[in-house]
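Data first, discussion second: the structure below is written as structure tokens.
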Amino acid sequence: MDKNISFTLKVWRQKGPKDKGHFDTFQMKDIPGDTSFLEMMDILNEQLVNEGKEPIVFDHDCREGICGMCSMYINGHPHGPATGATTCQIYMRRFKDGDTITVEPWRSAGFPVIRDLMVDRGAYDKIMQAGGYVSINTGGIPDANAIPIPKPVADEAMDAAACIGCGACVAACKNGSA
């Protein structure tokens with residue numbers, strides 16, 4: 001069983017796309033280590049609502065690591081400190097008791113902030129919906145074992161197949177910064 005941790009959470013707050021944003025600081029106490037990052041955000045929002053304050057706006061959908069809608073930086077990394085994982089797959093056991101965790105929206109011209117941690121994914125979603133492939137009739141299906149594929153090509157194909165279309169690569173790209 002994971003131990004509980006307490007930490008300081010610095011969260012980006014921004015009322016709207018044209019408004020100037022700022023960080024708000026929250027003290028989080030006794031959060032179980034097996035709590036996902038998004039569940040921890042839910043706990044914080046419940047506390048804010050109980051105090052009569054505005055909850056933090058953030059995007060999420062499946063909470064299964066397959067949609068990538070949780071478009072946020074955690075300590076400077078898209079989706080957080082784990083490679084190949086989305087925000088909902090980050091658990092609080094990754095952090096140490098007493099840590100300061102900074103959460104902000106993706107910082108890319110392609111993902112303008114709507115409010116707080118929610119970004120406009122519209123342009124990226126249009127690219128993803130376009131498919132990025134050409135469909136042609138190639139005839140019958142050959143036996144997969146009859147076509148030798150060089151390892152570098154196979155590795156690249158596996159990397160492409162692992163893409164969930166979340167946009168973290170665009171958010172992290174220094175050439176696309178706002």
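A short reminder: the numbers here are calculations on the coordinates, not readings from a lab. Since the structure is predicted, the reported quantities are computational estimates derived from the model, not experimental observations. Because the Cβ atoms are built from the backbone with ideal geometry, glycine has one as well, and the counts that use them run over all protein chains shown.
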Using per-residue counts of other Cβ atoms within 10 Å, averaged over each peptide, order 121-130, 148-157, 37-46, 55-64 from highest down. 37-46, 55-64, 121-130, 148-157
Distances longer than 28 Å among the Cα atoms of the stretch 4-176: what percent of all pairs is that? 33
Just the projected area, averaged over all directions, of the convex hull on the alpha carbon atoms of the stretch 1-86: how many nm²? 6.6
Full-stretch length increase - K29, I43 - with 0.36 nm per residue and alpha-carbon distance subtracted: 4.0 nm
I want to check the label-to-label distance for V153 and D2. Put each point 7 Å from Cα in the C-beta direction and report it in nm to one decimal. 4.2
In the structure displayed, which of K10/K126; K3/K96; K10/K53; K29/K96; K10/K96 lie more than 20 Å apart, Cα to Cα? K10/K126
³J(HN,Hα) across the stretch 32-43 via Karplus (A = 6.51, B = -1.76, C = 1.60, θ = phi - 60°), whole Hz, x for Gly/Pro? x, x, 8, 7, 6, 4, 5, 5, 5, 5, 4, 4
Can you put C166, C67, C173 in order of Cβ neighbours within 10 angstrom, beginning with the fewest? C173, C67, C166
Quick calc, I141 & H77: beta-carbon distance into FRET formula, R0 41 Å, rounding 0.05, result 0.50
Most fluctuating residue given options G52, G167, G110, as computed from a GNM of the chain linking Cα atoms under 10 Å: G52
